[in-house]
1. So what's the net charge close to A:K73: Lys and Arg +1, Asp and Glu -1, counting the other residues with Cβ under 14 Å from its Cβ?
2. Taking each residue of A:231-241 in turn, how many C-beta atoms of other protein chains fall within 10 Å of its C-beta, and what is the average?
3. How would you classify region B:11-111 from its alpha-carbon gyration tensor, with a ≥ b ≥ c the square roots of the eigenvalues: rounded for a/c under 1.5, else prolate if a/b is greater than b/c, otherwise oblate?
4. Taking beta carbons within 10 Å but only from partner chains, what does the mean come to for residues B:38-45?
5. If you take each beta carbon of peptide A:250-262 and count the beta carbons of other chains within 10 angstrom, what is the mean?
6. Within chain A, which is the longest segment that contains none of the GluC sites (Glu not before Pro) sitting in a DSSP loop with at most 12 other Cβ atoms within 10 Å?
7. Rounded, prolate or oblate, given the Cα gyration tensor of chain A, with a/c below 1.5 counting as rounded?
8. If you take the charge dipole of region A:157-286 about its Cα centre, with +1 on Lys and Arg Cβ and -1 on Asp and Glu Cβ, which of A:V262, A:V181, A:A218 is farthest toward its positive end?
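Readers should treat all values here as calculations from the given coordinates under stated rules, not as data from a laboratory. Here the structure is a predicted model, which is why all the values come from computation and not from measurement. When we count neighbours, we look across all protein chains shown, and the Cβ atoms used for this are built from the backbone with ideal geometry, even at glycine.
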Amino acid sequence: MSKHTALYGTHEALGASFTDFGGWQMPLKYTSELAEHHAVRQAAGLFDLSHMGEVWVTGPDAGAFLDYALVGKLSAVVDGKAKYSLICNPDGGIIDDLITYRFGAEKYLVVPNAGNAPTVAAELAARAEGFDVVVEDASDTTSLIAVQGPNAEAILLKITGDSQHDLVTGLKYYAFTEVTVAGHDVILARTGYTGEDGFELFLPNGEAAALWASITEAGAGLGLIPCGLACRDSLRLEAGMPLYGNELSLEGNPFEAGFGQVVALSKEGDFVGKEALAALKAAGAGTTSGRRLVGLKGLGRRAARGHYPVLKDGAVIGEVTSGQPSPTLGYPVALAYVDVEHSAIGTALEADLRGKAEPFEVVALPFYKRAK
Amino acid sequence: MAKVAAGLQYSEEHEWVAREDGNVVSVGISAVATDALGDIVYVDLPEVGSTVTAGETCGEVESTKSVSDLYSPVTGEVTELNTTAVDDPAVINSDPYGAGWLFKVAAVSDGPLLSAEEYAAKNGGEL
């Protein structure tokens, strides 16, 4: 039985098509996923991301605990900043990728993916033994609404008091603040999963529908439309961002996924997965051994999709993890794991598109980068 | 609810067939199919002069989210392609029973086809 967010009724009233994602009934699209994609690139889009998890970590050992539980050095994050990190198992396999927000030395918010939220909450609770911390899973009572696109800031300013405008305009990427938007006290973060400027707003479930309505009204003259998970996927793919379950998994490791820099092997003390990750790094995982996540650009019109084989001179040397025609760029794009010797930018490869090999080329990520 | 155009015939695989002059039929895909596929960005159609066989694949329809085989609902020789739909596949979404037709066939026989009423009932479509 799929769960519903507090905005389910709002989506129904808007005529959304729904899909099951991570155990939740979520809007796939409202009208056209292409129109929604272009709206985010050119104006603004409004997303319900309440399926994402919210786990609070509080107490005197909060920083030290997160340094042990996650692969990054969260204790070093500055108050008011967020950090992308991974939670790994003792073998170095990836349990989830997550964003951690530091409110203070004794207060952090960890945001895991929807389908992994219960696992991450349970894993954090288990790893908390011996630390003076409280791990509280607030996923079921917290909503998350995202406003993404070049007009996102202008829209939020319309419904934020003048005295707080500087807090919004001065907010840096991967930073957050606490402000009042349309009368609702929210955690406002300049984060996203689209490759555009944008914000994510956390607030209690009971206020989500009212805030959604206020943002919709504020964005009416600025091109804002509601957006579903279909365009969220195409937007994040163009931005070269991984999706757990596609690019990241328990069977994979951070180095082959291109996230070696988020593994803080030099931080003080032990952390879960340290020994295995150090061994993987020493063995050159993702650089001189094994496979590597790369971006592929299709030279024809047909797109490679998840699980399609990647070929070099007819031999299978990898597998596509995500792929589709890029709405912004106009050609097929894909993320794929390939043997490291075929991972250099410019390498000519093929993808097996249902029995027919089509040319693809390894290109730098992200596929799309917004003009600053 | 997806619209089903009256007066056309439909295959199980969601192609529609419209009778033109003589034995020539035009073929497209139903709104049930376009709704399920999402925004179509690429169509691969059989070549003019080639023979298509009822129930067999003759091309593919690719959307942002997925790709689906195109099955011919009739057997015969392909006489014309809708180059407008090839150049701008969005027309298949916006007008699947009109400007979004795909190809024409000089049909020698039909595969199993449903009436619009039967097809609508089977697929929860709206006539």
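1. Working: positive: A:K81, A:K83, A:R102, A:K267, A:K274; negative: A:D67, A:E268, A:D270.
Value of the local net charge: +2.
2. Details: counts 2, 0, 2, 3, 0, 0, 0, 0, 0, 0, 0.
Counting Cβ atoms of other protein chains within 10 Å of each residue's Cβ and averaging gives 1.
3. Values: a/c = 1.70, a/b = 1.56, b/c = 1.08.
Prolate, because a/c is 1.5 or more and a/b exceeds b/c.
4. Values: counts 7, 13, 1, 9, 6, 1, 2, 0.
Average neighbour count from other chains, rounded to a whole number: 5.
5. On the way: counts 0, 0, 0, 0, 0, 0, 0, 0, 0, 0, 0, 0, 0.
Mean shielding count: 0.
6. Working: sites that count: A:E129, A:E251, A:E268.
The segment A:1-128 is the longest one with no such site.
7. Details: a/c = 1.86, a/b = 1.14, b/c = 1.63.
Judged from the Cα gyration tensor, chain A comes out oblate (a/c at least 1.5, b/c at or above a/b).
8. A:V262
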